[in-house]
């Protein structure tokens, strides 16, 4: 699978598995675990989760899914802003590690801005990294002003990613955030690349999909993956859905495809507030 080079070394797969919504119902647990394991079978080793998802339930699902296969996984989790103090972030990470049944998280993110000073959160992240409990750290849902503030801190400049909402209907980050991250060498992780399914009935997207004998969801993911420096982390709660997402890696959108999609979903002509789901 194609990889994105992270600042300071290391790679991030361009396609991952999101877990938002997992771990909320015991009746879904077996199917969710099977889906994540099928992704690993296909080489989709990037798994994104958070302590927020299912109040820790998603991390427990991930922990069971990766049991015995930890070396196949690039594991990402996120800390609540209200847990992001110097002591709180360390304790939150330790709880996540227990739920994930692992001794380290490859990439640990601040889920969004909160009231704790960035310097304090960064110090906690650095302690976790020095202790070997996390490999790298970054942020999520940071807009350009947040990123510039982050970059004022020496430790902040060691962040390797910003995870944001990005898809055909949410292109605001193209105006300023994506260029800023590209200039500073940060990877961007795109969550909800199919807008939780809401864009899949669009007629233009369907037409492009028909040209490739693909589904609208696969084209929407392929469109995100065509953006330099961006990886996609769609959720897939069934093994079949994971297989469909994986097939998006084979789609190469033509100039005609991209022009049609740009006409239907125009790029922003000005700065817009960062959108969050």
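Every number in this text was worked out from the coordinates using simple rules, so none of it is lab data. Remember, predicted model here, so these are calculated numbers, not experimental data. FYI the Cβ positions are ideal-geometry reconstructions off the backbone, even for glycines, and counts take in every protein chain you see.
Structural remarks
- C-alpha center-to-center spacing [the stretch 1-76, the stretch 223-259] in angstrom: 17
- Ellipticity estimate at 222 nm from DSSP helix runs (n ≥ 4, -39,500 (n - 2.57)) divided over the chain, nearest 500: -11000 deg cm²/dmol
- Extent along principal axes [Cα atoms of the stretch 55-133; Å; largest to smallest]: 37, 26, 16
- Placing R0 at 35 angstrom, the Cβ-Cβ distance between residue 30 and residue 271 gives a FRET efficiency of 0.20 after rounding to 0.05.
- Using a Förster distance of 30 Å, the FRET efficiency for residue 103-residue 157 (Cβ separation, nearest 0.05): 0.65
- Footprinting exposure proxy for 105, 276 (fewest neighbouring C-beta atoms within 10 Å first): 276, 105
- Estimated from the Cβ-Cβ distance and a Förster radius of 22 angstrom, the FRET efficiency linking residue 264 and residue 196 is about 0.75.
- Order of 254, 27, 159, 85 - criterion: other Cβ atoms within 10 Å of each residue's Cβ, fewest first: 27, 254, 85, 159
- Projected label distance in nm at residue 184 and residue 145, using a 7 Å step from Cα toward the beta-carbon: 1.5
- C-alpha center-to-center spacing [the stretch 96-149, the stretch 170-194] in angstrom: 19
- Projecting label points 7 angstrom from Cα along Cα→Cβ for residue 213 and residue 119 puts them 6.0 nm apart.
- Cα-based shape type of the stretch 173-240, given that a ≥ b ≥ c are square roots of the gyration tensor eigenvalues and the cut on a/c is 1.5: prolate
- Along principal axes, Cα extents of the stretch 190-274, largest first, whole Å: 40, 29, 24
- Against the compact-protein benchmark of 2.2 N^0.38 Å, the Cα-based radius of gyration of the chain scales to 0.97.
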